[in-house]
Every structure is written in structure tokens, then in C-alpha cells.
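Shown next, in C-alpha cells, is the structure this report addresses.
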Amino acid sequence: MSGAIGAMRADAAKLLSEGAVKLVLGYCVRGNERYPCFISEAAQAEALDFDQSCRQNLAAYLRKPEVRGRAPLAVVSSPAVCRSLLVLSSESQIRENEVRALAIGPKGYGGILGLGALGAWLKADYPDLVPEQALLDRVAELSAKTAQERAKFWMKEFEKCTRCYACRAACPGCYCERCIVEKNMPQWISSAAAGHGNYAWEVIRAFHQAGRCTGCGACEAACPQGLPLMLLNARLSQDAFEEFGSRPGYELEAKPLIGSWSAEDDGSFIR
Amino acid sequence: MKLLDRSKSTDFAAALAAAGYRVAAPVSDGGLVRIKEWAPGAEIAASEMPLNSMKDFLFPRTEVIGRWTLEGDGFASQDVRPDAPKTAVLFAKPCDAAALAVLDAVFNWDCKDCFYNAKRDAAAVAVLACGSADEHCFCTSVGGSPGEAHGADLLFRPADGGLRMIVEPLTAKGKALADAAGSALSEGQAQADPIARPAERFDPGKASAWLASNFESPLWKELSLPCLGCGACAYACPACHCFDIQDEGSRSESVRCRNWDSCGFGLFTLHAGGHNPRADQSARWRQRMMHKFSYFPQRFGRLACTGCGRCARLCQAGMDIARACARISPRENA
Amino acid sequence: MTFEPRITAFVCNWCTYAGADLTGTSRLSYAPNIRIVKLPCTGRIDPLFVLKAFEGGADAVLISGCHPGDCHYASGNYHARRRWSLFRKLLAFTGIDENRVFFSWVSAAEGQKFANLVNKVTEQVRAAGPFGERNLARRRL
């Protein structure tokens, strides 16, 4: 891994010194923690680091005007971040030449990749990024319970939500300028951090990621209350894959799952 | 001296509950520790830093402050009173108790906030001095101490290597707590443990002075770059007190509720006409720093930060108010 | 007192609403437990409508539109079908199961089908019981 990090640092320094990018988004180590860091000079590239504990999805920064305003950018990109970049690209949120990836993962450093090259790297080295088995087991365990038991489980979890929206902030897919939860004419989702407002917020947040969530886990990692958000995301991703073959973040141009259709879609639940 | 065996922490909570108190305490909850209403069987984690602060019990994240029902052709106003049961907050942190002065000041400033004050008056706060601190603790940098109990009604001092706590009632409310504890407390002698000494990381006076003349500093853009604009820091903060008032209606009734709000949100200052005076995250993060270390001290003569470190501890983006203060006001010897 | 379910029906303007009209003009009677909300197309039915109905007091929600291939706007019902397929599973995962959310295709010519559908759905919800005021999706401040 140290060789991979060295190569990544060298490429970051090269891009900055050549002027090919103005800002590099990466990770740094501070104590036992991993944090996002931003470097704009080649000499700072030594600060960049990477390991499996880097859970923040740096693609979330691409919605931030202060970051976007400094394009062209390079982003230290784990496979999960690469997938998010491809989702953002397929949803016309970022363009080739605006963002480059310094692709890095458990199998090593993939080099400086344009958006068009990310899919090939992912398919070659990480073709089947699926949720961890332990997570899927928890999803299966909960799915096997009765509706009443599931309602009780989620009630206990959702009641903890303070509506700080750290989940939304951490998610690259949440790039709406004005989130549905902030619309109040009409007020679709109660702003109170309690009751049906919390239920609606959690369910709708998850559903707005249907066919878009790449399973990076940044939302759950960001939740100060420890809500098991990945159970919702994983269940939705599983359904979307089994039913529609959806595996977001592998293609530069992909039709959005919700927003496209097929005459062959299952209709057996419709009377 | 009065002593509480650590193993009798839950007995203490149970005795207070039996005496009619709603008991709030740091409780293990699915691997996390949070201050929540104690119920029999809940395991008290007295020394842990809970992820939320005590303010949840005085200034809750959502509070109904008005209610109207539709009757005939008009609305009938319902009488909404503060929900303020007699409450004992056990094993609060010194930094949480210190933040009470901040909340007291702002909720009794231009008007007396009856909802806050009712809860405040009904609450007795028992602080446990800190025997340990982590790298995010910085109370000593903002005039606090892990061994002090400003704002508290009762102080527990860890003693005999953590086996016991020395119980020191400080006010009439605190004495009432000790009296209600019954056999959970005992008389005896114990050796107080040393308290934690988190490093002094910055000089708050210098920070305030720097802030007063650096509203336009380019440093704001740099410092705020990692911030993604959620409200996690403000909601975990024992001293943050901004709120939003929302009227929400159904067909039959309308509810006015007061919800926490955060200067980190873009919507916080968005005007109805579309203009936003804090147009970007650097302006919002600057506001957070300015409010705590400049505006609040100017108005109320105290900092609006007590150094609990929760904001930095939970921020995934690595925003760290103490690091920012250290950057603008390094200590001479650091 | 027997439990009378309250069922909110979101239907499209062109097929199911016309079908429901036909039920009435044919003088067919059916359970009076549904409240119909007419929308241009099933494609217009946001998942939030469903949550709002539960929040506002519905014991169940019925969503109905044009048969595949019959959409007035060509593909609104296809879009809707895909959305529902995932959303209903998410609802079930969070505790709102198949006794609470129903889907159907009813054309403008299917007055009898509409009557039968409403009767069957009403019976199923009656058997399932009230939605429950304490369910988090309903609980008010």
C-alpha cells in the first residue's frame, strides 16, 4: 500500500505543479482519525494518505460551490468514490476534464483517470462491489421478522434522529439545492425531529437514493446518533439489483433506474 | 463525607426515580452512550462522554409551544404549558454544566423564555468530575476545568481509584438529591482521585481579539473548506441555542413547534426574497466561530463554548473549533 | 363499534377515475370506505403522497391507473410501476406491509372491476385493523 500511496502523492504533486488541476481532494491522518484534506500546492502532497478507514465520500464535495469553483480538480478516489463520480457524471452533475480521479483501492493505485476511464478500472479490479455479507445478513434477519416487529425496530431507531442532516451532507447523491425536507409550500415532511416527520425523512432520504446509492456508507458513518442507515440502503440496493439488475456507478452514461422503465418490469403485485 | 459506590449508581438513579424524579443519565445504548431518560435495567455509564449534551433536557430538539384546533369556522387556541417534570440529571459533564450559564443568559435576555426556564427550574444537575479526557477535550482552553462544577447542584468527585465518588451537594436542589438517595449513599472516608488535565490549546482572549478584527480574513475560506454544512456540531453542542419556529397544520389542528436550527445550514439565513447574506459555507463557519468567541462574549461576558469537544469528535469532515482557535491564537509556549 | 377502514385512493384521470365513474353510472354499489384523489397520471403519484395519507389518517392507500400500454401520456404508468415496485418493498421493510398499500390497473371500461377491487381491499384492510395512531408514520407531536 505504501507504494500505491507514494505514486498517488507523486501524481497529485505532478497535476498541481503542471497546473492541470487547481485543487486536490484527498484524505489525511490526524491521530486515529481520517479526514478530508484539500491541497493546492505540490509541496503539500505528502499530507495525502489513504487506507480502508477513509470512509468519507469525497465526491460529496463536488456539490460545494467553493470546491467546484476551483475546478479542474483531482479527487483521491476509492472504488466507492469512483462509483459516485460515475453516478454524478451519468446525472450530468460533473463533466469530463472538470474532475479527475486518483484511483486507489485495496488492489493498489490505478493512476490518474478521467471519468471516461473509471468504469474500465472498476470493472477490471472491482467488478462486484456489493454490500458486506454481515450487512446483508442483518438485512435478511430484519426482513424475516413480522411487519409489526420491523415497525417497532425502525420506530426505536428513527426516534433518535435529531434531523441534523449529516447523512444528507455526507452523501454525494444528495446534491439538490433545496432538499424536499426543506420545502414548506406545502410542507411535505414535518420539520419536527419527532413522529411522522422522522419516519418520512428517513424513508424518503433512502428512496431518493434508489438505484443511485453506491453503498459507500458515508451517511451511516456521519450519523451522530448511530442510526443503521445502511440497512435501508442495502435493502433498496438489493431489491434494485435483483429486480432491475441495477448496479449504479459502473457506467459513464447510464439511464437512471427511477426515471426509466421497461415493458417487461414485474407487475405481479398490481391487481 | 457522603460517598456513592460506583456499583450503586443505578441504585441512586432508582432511588431518585422512586422519589418522583425523572432521571436523566449517560446510558449505554447499542454501543453508544447517550444522556437519556433512565429506566430500570438501563446500564449507567457514569464516566463516559455521552454523544449528546444535557441541553436535550432543557431545550429539546423539538418542543410544542402552541396549539390550535379547528372549531366551527375558527381556530381555538389550546393552553400549552411547558412540559417540565422534576428532573435529576446525573453524571453530567462539568463542560455541560458550564454551558448552563450560556443557555441561562440567552433564554433570559430580552425576554424570559418560559419553556426553557420551567425546565431549568425543575432540573437538578449532578456533575461528575472527569478523571480522564481525550484528545478532543479542551475545557481548560476556555476557562473551564474537569474538576469544577459551575452551574451544577451537586458534584461527584471520583475517589479510591474510581471505585467510589465523593458526594458534595452545592445547592438546595443538590441537597434534595442527596437526601432522596437514601441508602444508595453511605458515610465514610475516601481518597479523591486526580482529575484530568486536558492540554490548554489556545488563549481564548487572543482568539476573541483576533476575531474582532478579522471578519474579512481569507482564512475563513481555507478553514471552512471541509465543512459540508450539516447541523451535527450545533446539535451536539451544549451551548448552541439557535432555534427555528415552525407552524405545521393538519386538517383539524395547527401546532407551533420550536426546533433546533444551525448556522451551518444554508437555509439558516436565506431570506424570503432569495438573498442569502451568508452565501457560502465560509460565512456560515465564520458565524459559528464569531458567535461563540466574539459576539456572545461581547453581549454576555462569557464564551459560548465550554470545550466539550463533541463537535470535533463527531465531525466526519474534521472541522475542529479548537484547532481553528489554536490557529488564530496560538499559546506563547505552544 | 366495528372498525370502518379509511382508504385513500390515488387514481389517474384517464382510466381509473373514468372506471370509477362508470361504476357509479352503472349503479353498481361498493364499499364506501375510499376517498378518491384524482391525479393526471399515476406517474404523478409521488411516494410522499402515500406517506401523507398515512400521516393524515388513512388506514390504507390504493393506487390505480391505466393498464400497461394504455397510458394517456404513453409511459407514465410504466414509470410509476417501477417506482412502486421498490417503494412498496421499502415501506414493508420499515413496517408498512402489503395490507396497507394496494396497486391496480383499472381501465375506463372496467366499472365492475373497480367495484370488486374496492370491496376486496376494504375487506383486507378491515381484517388487518386500524393503521395505529402510535405507528411512527402517523404519530403527531
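Being touching a residue at least 12 places away in the same chain (Cβ under 8 Å) and away from every other protein chain (no Cβ under 14 Å) is the requirement here; does residue A:86 meet it?
yes
Looking at the stretch A:1-13, can you tell me whether even one residue there is surrounded by fewer than 20 Cβ atoms within 10 Å (Cβ to Cβ), more than 12 Å from chain B (Cβ to nearest Cβ), of a type in the set (Gly, Ala, Ser) and touching a Phe, Trp or Tyr at 6+ places or on another chain (Cβ under 6 Å)? Yes, the stretch A:1-13 has at least one match.
Restricting attention to the stretch C:25-49, the residues that are in contact (Cβ under 8 Å) with a residue 40 or more places away in the chain, touching a Gly at 6+ places or on another chain (Cβ under 9 Å) and assigned to a helix (DSSP H, G or I) add up to 1.
Given the criteria of a type outside the set (S, T, N, Q) and free of Cβ contacts under 8 Å to residues at least 12 places away in the same chain, does residue A:183 qualify? Walk me through it before giving the result.
Working: of a type outside the set (S, T, N, Q): yes; free of Cβ contacts under 8 Å to residues at least 12 places away in the same chain: yes.
Yes.
Exactly one residue out of A:234, A:240, A:210, A:200 is of a type in the set (A, V, I, L, M, F, W, C) and part of a loop (DSSP other than H, G, I, E, B), and it is A:210.
Residue-wise test of (1) away from chain A (no Cβ under 14 Å); (2) acidic (Asp, Glu).
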| site | (1), (2) |
| --- | --- |
| C:32 | yes, no |
| C:48 | no, no |
| C:87 | no, no |
| C:110 | no, yes |
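Between B:130, B:95, the distinction of being crowded, with 21+ Cβ neighbours inside 10 Å, in a loop (DSSP other than H, G, I, E, B), modelled with pLDDT of 95 or more and not aliphatic (A, V, I, L, M) belongs to B:130 only. Checked against (1) of a type in the set (Ser, Thr, Tyr); (2) surrounded by 18 or more Cβ atoms within 10 Å (Cβ to Cβ); (3) within 30 Å of residue A:183 (Cα to Cα), residue B:269 passes all but condition (2).
As a summary of the residue check, residue A:3 satisfies the conditions (1) closer than 19 Å to residue B:318 by Cβ; (2) among the small types (Gly, Ala, Ser); (3) outside any loop (DSSP other than H, G, I, E, B) except for the one numbered (1).
Kindly check whether there is at least one residue in the stretch B:187-200 that is part of a helix (DSSP H, G or I) and of a type in the set (Lys, Arg). Scanning the stretch B:187-200, I find no residue that is part of a helix (DSSP H, G or I) and of a type in the set (Lys, Arg), so the answer is no. Scanning the stretch B:175-192 for residues that are surrounded by fewer than 15 Cβ atoms within 10 Å (Cβ to Cβ), touching a Pro at 6+ places or on another chain (Cβ under 8 Å) and without any contact (Cβ under 8 Å) to a residue 24 or more places away in the chain turns up at least one hit. Taken as a whole, the stretch B:233-248 holds no residue that is aromatic (Phe, Trp, Tyr), more than 14 Å from every other protein chain (Cβ to nearest Cβ) and not in a helix (DSSP H, G or I). Residues in the stretch A:115-163 that are under 30 Å from residue B:231 (Cβ atoms) and part of a loop (DSSP other than H, G, I, E, B): 7 in all.
The values are calculated or read from the model by the stated rules, or taken from the named source; none is laboratory data. Treat the numbers as computed from the prediction; the structure is a model and nothing was measured. With ideal geometry, Cβ positions are generated from the backbone for all residues, glycine too; neighbour counts draw on all protein chains shown.
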